[in-house]
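Peer 1: Sharing a structure, written as structure tokens. Questions coming.
The values are calculated or read from the model by the stated rules, or taken from the named source; none is laboratory data. Just so we're clear, the structure is a prediction, and the values are computed from it rather than from any experiment. Here the Cβ is made from the backbone with ideal geometry for all residues, glycine too, and neighbour counts use every protein chain on show.
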Amino acid sequence: MCLSINFFFSIFRPFPLPVHDLDMALSTEGLTHDEIIRLTPYNYIPSQGVALTMLVLFGLSTLLHTGQSIYHKTWFLLPTVVLCGVMEILGWSGRLWSYYDPLNDIPFQIQISLTILAPTPLIAATFVLFGRIINRLGTSYSRLTPRQYTILFCACDVISLVVQAVGGGLAATANPVNGRDPEVGGNIMLGGIAFQLLVITVFSACAGEFIYRYLTKRPLRAATSSLTDVRDGSSARGTLTPKLKIMLCALSLSTLVLFIRAIYRTIELVDGWNGRIISTEVYFNVLDGAMVIIAIYTLNFVHPGIFLFSETETQHLSEKLQSRSNSV
């Protein structure tokens, strides 16, 4: 059973772990604090207080998102936002475990893999939600249809996830015995995260152009006003209601903090396994943990079920476009 658990987490491990003496890895008895830090794969001992705080925050957000998704019937948020929360809880549980057993590689593998992969489904939710906003405001202002947004960017998100997993597997299995260079896996892992950063950048550019064109009334193609088009996600110009404005601001904030987090992770990998970035806990706590906390809680407070999918907003838009269609 232990072997199976080790293998499972090793395929997601982004770097080959530092080689420890087996006896020293089993116990910290007789070691000084500095010796333990020198031997731990973190190059520091994770903070108990920070880990507990993150566990409470992610736990509350995940429970709230689950209830909100069920109540508002926004089911797609369960395998995206809720999944992100669950993975973060498991990842930070690994860091808390490492506080009590800093030389144990298993909790390190758990936290490094899950905290890296967890934001991926959250980013996918952002892509889907923005596609719905385009559907509401008018596709004539967008280079891509809502469906294309969902398919293209979510597919790229999954590709980045797979590349990171493959790179981690290669790096984890590399050793002098089989002659494999661990740098190969590490570089593939870096490529996966850099690709995710590129995807967020392209998405942000497309979203920014859409908002600019909508606000300045510069459609890319002629709009139609038939009721059929409206129901199918029309090119007709929709109304930017107060709720939609708030939803747009929330998605912008969420995208920004996840973008910052992706930049940090990319620099972290470029800096190397024993570099100053990865060896400084406060960088991780602020630029990874805190960024994801902001993103996930933003969608708690500005929930799509209220600000994007509410029946009253949909009814208001349908009636407005119906009236416009009848007047043509």
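Peer 1: Quick one: Leu317 ticks every box in (1) modelled with pLDDT of 80 or more; (2) assigned to a helix (DSSP H, G or I) bar one, so which box is it?
Peer 2: Against the list (1) modelled with pLDDT of 80 or more; (2) assigned to a helix (DSSP H, G or I), Leu317 comes up short only on (1).
Peer 1: Could you tell me which residue of region 252-286 is surrounded by the most Cβ atoms within 10 Å (Cβ to Cβ), considering only residues that are of a type in the set (Lys, Arg) and touching a residue at least 60 places away in the same chain (Cβ under 8 Å)?
Peer 2: Looking at residues that are of a type in the set (Lys, Arg) and touching a residue at least 60 places away in the same chain (Cβ under 8 Å), I get Arg265.
Peer 1: Then there's this: Name the pairs whose Cβ atoms lie under 7 Å apart, with the first residue in region 94-108 and on the phi > 0 side of the Ramachandran plot, the second in a helix (DSSP H, G or I) and hydrophobic (A, V, I, L, M, F, W, C), and 6 or more positions between them or separate chains?
Peer 2: That search, which allows pairs on different chains as well, returns nothing.
Peer 1: Now for a separate question. In this structure, is Arg136 closer than 30 Å to Pro219 by Cα, touching a Gly at 6+ places or on another chain (Cβ under 7 Å) and in a helix (DSSP H, G or I)?
Peer 2: So Arg136 fits the description; yes.
Peer 1: Moving on. Can you find a residue that is modelled with pLDDT under 90, assigned to a helix (DSSP H, G or I), under 17 Å from Phe153 (Cα atoms) and touching a helix residue (DSSP H, G or I) at 6+ places or on another chain (Cβ under 7 Å) anywhere in region 192-207?
Peer 2: Within region 192-207 (the criterion being modelled with pLDDT under 90, assigned to a helix (DSSP H, G or I), under 17 Å from Phe153 (Cα atoms) and touching a helix residue (DSSP H, G or I) at 6+ places or on another chain (Cβ under 7 Å)), the answer is yes, since at least one residue qualifies.
Peer 1: Give the residues of region 85-132 that are within 10 Å of the chain's Cα centre (by Cα), of a type in the set (Val, Ile, Thr) and closer than 19 Å to Tyr42 by Cβ, sorted by residue number.
Peer 2: Within region 85-132, Thr115, Ile116 meet the criteria.
Peer 1: Enumerate the pairs (first residue in region 196-211 and in contact (Cβ under 8 Å) with a residue 40 or more places away in the chain and within 13 Å of Ala262 (Cβ to Cβ); second residue anywhere and among the small types (Gly, Ala, Ser) and assigned to a helix (DSSP H, G or I)) with beta-carbon separation below 7 Å, excluding pairs fewer than 6 apart on the same chain, so at least 6 apart or on different chains.
Peer 2: That search, which allows pairs on different chains as well, returns Gln196/Ser160; Gln196/Ala262; Leu197/Ala262; Val199/Ser160; Ile200/Ala262.
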